[in-house]
1. Is there a residue in region 124-142 that is among the small types (Gly, Ala, Ser) and not in a helix (DSSP H, G or I)?
2. Cβ-Cβ below 8 Å, separation at least six or inter-chain, first residue in region 116-135 and among the aliphatic types (A, V, I, L, M), second open to solvent by 30 Å² or more (accessible area, probe 1.4 Å): which pairs?
3. Condition first: acidic (Asp, Glu), closer than 21 Å to Ile38 by Cβ and open to solvent by less than 50 Å² (accessible area, probe 1.4 Å). Now tell me which residues in region 98-122 satisfy that.
4. Looking for whichever is polar (S, T, N, Q), modelled with pLDDT under 90 and on the phi < 0 side of the Ramachandran plot here; the options are Asn187, Asn128. Which one fits?
5. Is there a residue being within 19 Å of the chain's Cα centre (by Cα), part of a loop (DSSP other than H, G, I, E, B) and at pLDDT below 90 anywhere in region 158-175?
6. Quick check on this structure: which one of Gln88, Gln136, Gln114 is at pLDDT below 90 and under 17 Å from Ala54 (Cβ atoms)?
7. Just to be sure, is Leu64 at pLDDT 90 or above, aliphatic (A, V, I, L, M) and assigned to a loop (DSSP other than H, G, I, E, B)?
8. Which of the following residues is part of a helix (DSSP H, G or I), at pLDDT 85 or above, touching a Phe, Trp or Tyr at 6+ places or on another chain (Cβ under 8 Å) and not hydroxyl-bearing (Ser, Thr, Tyr): Ala47, Ala52?
Amino acid sequence: MNKIVGVCTALLFTVLAVCGQETTNGVPLNRIPGAESISIPPGLSDAQAIEAVARTAVGIGNWLTGRWVVESRDTSNKWIRVALTVRQHAMTVCYRIENGKLVPDVPQSTNLRQNGSKIDGHVPGWINRFNNRVVQHFAEVAKPAAANVPVPAPAATPAPVKTESAPPASAVRFCEGCGKKVSADANFCGSCGRKLR
């Protein structure tokens, strides 16, 4: 009888502890000291802020800095979960919108010695670098739809005659991942490391 009472008491304390902890989609959350929140610019909707996080996760990653992916999102409940894998380490970061900010939490990780909000010292830096990329995507996400409509080409004009003394025109390319300018003959982006097409 004492064993049954002991088991029931332990089970009750476990349920109370889990119920008292904040969760997203049933996953407990842990705020990591040093991982900063992101202020959402005025005029940007919650859905646009979540879209900026998703675009950031899709656009960055390589074997050295890790690969980010979108795990799931719920715009109506104002959260998105992204995951990072860096070699044998992995973590899930859940961004929730609170008081005009995207607040990161790490509900789970692998090989990062996580115990609640205590985790490997590299994690806040990984999250903050990701946050900086999210801020860069805010302007891109906030562009009105009309800005994406192609401008009609001007009427055809005869091409100028190229002379031998004119310097050759240099081609300008941009990285599809981070949008930075890259040289015409580059195979990889010098900023984010993405392979260029």
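The values are calculated or read from the model by the stated rules, or taken from the named source; none is laboratory data. Since we're looking at a predicted model, the values are computed, not measured. Cβ coordinates were reconstructed from backbone atoms using ideal geometry, including for glycine residues, and neighbour counts include every protein chain displayed. Note: areas computed on protein heavy atoms with side chains; ligands, DNA, RNA excluded. Shrake-Rupley method; radii C 1.70, N 1.55, O 1.52, S 1.80 Å.
1. no
2. Ile119/Ser109; Ile119/Arg113; Val123/Ser109; Ile127/Glu36
3. Answer for region 98-122, where residues must be acidic (Asp, Glu), closer than 21 Å to Ile38 by Cβ and open to solvent by less than 50 Å² (accessible area, probe 1.4 Å): just Asp105.
4. Asn187
5. Yes: region 158-175 contains one or more residues that are within 19 Å of the chain's Cα centre (by Cα), part of a loop (DSSP other than H, G, I, E, B) and at pLDDT below 90.
6. Gln136
7. Considered against the rule, which asks whether it is at pLDDT 90 or above, aliphatic (A, V, I, L, M) and assigned to a loop (DSSP other than H, G, I, E, B), Leu64 comes out as no.
8. Ala52
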